[in-house]
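For reference, the structure discussed in these notes is given below.
The values are calculated or read from the model by the stated rules, or taken from the named source; none is laboratory data. In this text the structure is predicted, and so the values were computed from the model without any measurement. Here Cβ is always computed from backbone atoms with ideal geometry, including for glycine, and neighbour counts include all displayed protein chains.
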Ligand code: AMP
Ligand code: MG
């Protein structure tokens, strides 16, 4: 199916050859990608603000990098045509050229210049012999032994990194430290990037306590808002923390409206599973379009995906307790699309994190305009037997390390309960066991998703 803005999420899932009540994990990312239209608004930022941002358009190199042929070594520059196979070469040193200086006097046959790394090669010289490959015959003569180098060696050519007029970086590139350096090497002080994503999040549940509240029987402290804050911050999103919302339709409605009026995407946790999802389902129904998927995975399973239509919230809000009027909504000029995406994560803390990493993070990267391919899964040898039920994808918290023979090995980090954060804290990766896979024997290779940081 070719998706449009009006294709409902349920229709998208129904177009798959499998049951939305039992979606395969490896189909969910592709399904979500169809629901996400990348942002288009951009802004110019200075290089120190550009880390982690997404390039809004191709950057065409305004100059050659390097801008001149230059020496790759500290040594002696000379004309490589003087080299004769099988013969040593003795040259007279007529001067010294430091990086940043230029030399214009032509050299005669049999002459060379002492040159430092990065110094521009004078006209007519194309080869550098490193200092350590020379023998000093007299204070101003050096000898190069036979067959130690070829013409052109140790000379970096004009434009060998980037040619003037070529595309240095493509639209959609995530600006890494190396990319910042590359853009700076072009002399660019500013770069056009897509605006930052705004993501609102809240936790749901009558039993969830915010930090600072006293403990009470039957209640637990909220952890999901803090893990989501961390995961979203690492994506470079602007986060809007909307606290804890009780399992109560009017408050859920108010929180969703408030979030949709401010953000490109909303993440909720809890209340997405069967039985509890009814509040989310009934609250979302008049606000837009939503689908409640059940994914064959562990940990995780329920995932709600919705699109809250902005025209719906501006109508609704006249009577809303939050009083977000149509005009104040319209003043939020950053909201360029006609809807806000919603991802309803499971409440169990590890299930919420894994669902975020497996599905929501790739969708948000696409929303940010990033075209970067996802990080590849690694292959590592499991040092232990793993129990795995075919028919669902499992993500097991694990520690990847280097074995004595230099290959990667992996072990699980303990209790794999979907609420057990301590084994997640001890993990540097997730073993990803594919849908059909059964038990893993010790010594078998498995795929591993590395956790960032
Ligand atoms: P739910 O998905 O709402 O049924 O919640 C599943 C489990 O996760 C329950 O044990 C909840 O208490 C727990 N849970 C839900 N939200 C959070 C949260 N924000 N922080 C910690 N635990 C949570
Ligand atoms: Mg709940």
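Checked against (1) surrounded by 13 or more Cβ atoms within 10 Å (Cβ to Cβ); (2) on the phi < 0 side of the Ramachandran plot, residue 52 passes all but a single condition, namely (2).
Results for (1) touching a strand residue (DSSP E or B) at 6+ places or on another chain (Cβ under 7 Å); (2) in a loop (DSSP other than H, G, I, E, B); (3) closer than 30 Å to residue 79 by Cα; (4) at pLDDT below 95, shown as yes or no for each residue.
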| position | (1), (2), (3), (4) |
| --- | --- |
| 149 | yes, yes, yes, no |
| 153 | yes, yes, yes, no |
| 160 | no, yes, yes, no |
| 164 | no, yes, yes, no |
| 178 | no, no, no, no |
| 183 | yes, no, no, no |
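Would the range 93-100 turn up any residue that is at pLDDT 95 or above, more than 47 Å from the chain's Cα centre (by Cα), over 27 Å from residue 190 (Cα atoms) and surrounded by fewer than 16 Cβ atoms within 10 Å (Cβ to Cβ)? Yes: one or more hits.
Taking the numbered list (1) at pLDDT below 95; (2) crowded, with 17+ Cβ neighbours inside 10 Å; (3) within 14 Å of ligand 2 (Cβ to nearest atom) in turn, residue 274 passes all entries but (2). Please state which of the following conditions residue 255 fails to meet, knowing it meets all the rest: (1) more than 16 Å from ligand 1 (Cβ to nearest atom); (2) in contact with a strand residue (DSSP E or B) (Cβ under 7 Å, 6 or more places away or on another chain); (3) over 30 Å from residue 172 (Cα atoms). Unmet for residue 255, out of (1) more than 16 Å from ligand 1 (Cβ to nearest atom); (2) in contact with a strand residue (DSSP E or B) (Cβ under 7 Å, 6 or more places away or on another chain); (3) over 30 Å from residue 172 (Cα atoms): (1). Quick check on my filter: what residues within the range 293-308 are within 16 Å of ligand 2 (Cβ to nearest atom) and under 24 Å from residue 197 (Cα atoms)? 303, 304, listed by residue number. Residues that are surrounded by 19 or more Cβ atoms within 10 Å (Cβ to Cβ) and within 13 Å of ligand 1 (Cβ to nearest atom) within the range 228-252 comprise 228, 242, 244, 245, 252, listed in sequence order.
A quick yes/no check of all residues on (1) within 16 Å of ligand 2 (Cβ to nearest atom); (2) modelled with pLDDT of 95 or more; (3) assigned to a helix (DSSP H, G or I):
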{"residue": "341", "(1), (2), (3)": "no, yes, no"}
{"residue": "344", "(1), (2), (3)": "yes, yes, no"}
{"residue": "359", "(1), (2), (3)": "no, yes, yes"}
{"residue": "373", "(1), (2), (3)": "no, no, no"}
{"residue": "381", "(1), (2), (3)": "no, yes, no"}
{"residue": "405", "(1), (2), (3)": "no, yes, no"}
{"residue": "409", "(1), (2), (3)": "no, yes, no"}
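Would you check which residues across the range 162-175 are in contact with a helix residue (DSSP H, G or I) (Cβ under 9 Å, 6 or more places away or on another chain) and either under 22 Å from residue 369 (Cα atoms) or surrounded by fewer than 16 Cβ atoms within 10 Å (Cβ to Cβ) (or both) and list them? The answer is 168, 169, 173, 174, 175. Here 109, 123, 101 are screened, and the one residue that is more than 16 Å from ligand 1 (Cβ to nearest atom) and either in a strand (DSSP E or B) or over 30 Å from residue 60 (Cα atoms) (or both) is 109. For the range 141-148, the condition of being without any contact (Cβ under 8 Å) to a residue 12 or more places away in the chain and exposed (fewer than 15 other Cβ atoms within 10 Å of the Cβ) holds for none of the residues. Return the residues of the range 1-28 that are part of a helix (DSSP H, G or I) and modelled with pLDDT of 85 or more; say none if nothing qualifies. Across the range 1-28, the qualifying residues are 25, 26, 27, 28. Taken over the range 102-117, the criterion of being more than 17 Å from residue 140 (Cβ to Cβ) and in contact with a strand residue (DSSP E or B) (Cβ under 8 Å, 6 or more places away or on another chain) is satisfied by 102, 116, 117.
Could you go through the range 350-363 and let me know if any residue there is surrounded by fewer than 16 Cβ atoms within 10 Å (Cβ to Cβ) and in contact with a strand residue (DSSP E or B) (Cβ under 6 Å, 6 or more places away or on another chain). Within the range 350-363, none of the residues are surrounded by fewer than 16 Cβ atoms within 10 Å (Cβ to Cβ) and in contact with a strand residue (DSSP E or B) (Cβ under 6 Å, 6 or more places away or on another chain).
Annotation note: Cβ proximity below 6 Å between a residue of the range 183-206 that is more than 21 Å from residue 262 (Cβ to Cβ) and a residue that is within 16 Å of ligand 1 (Cβ to nearest atom) (sequence gap 6+ or interchain) occurs for 205/270; 206/246; 206/247.
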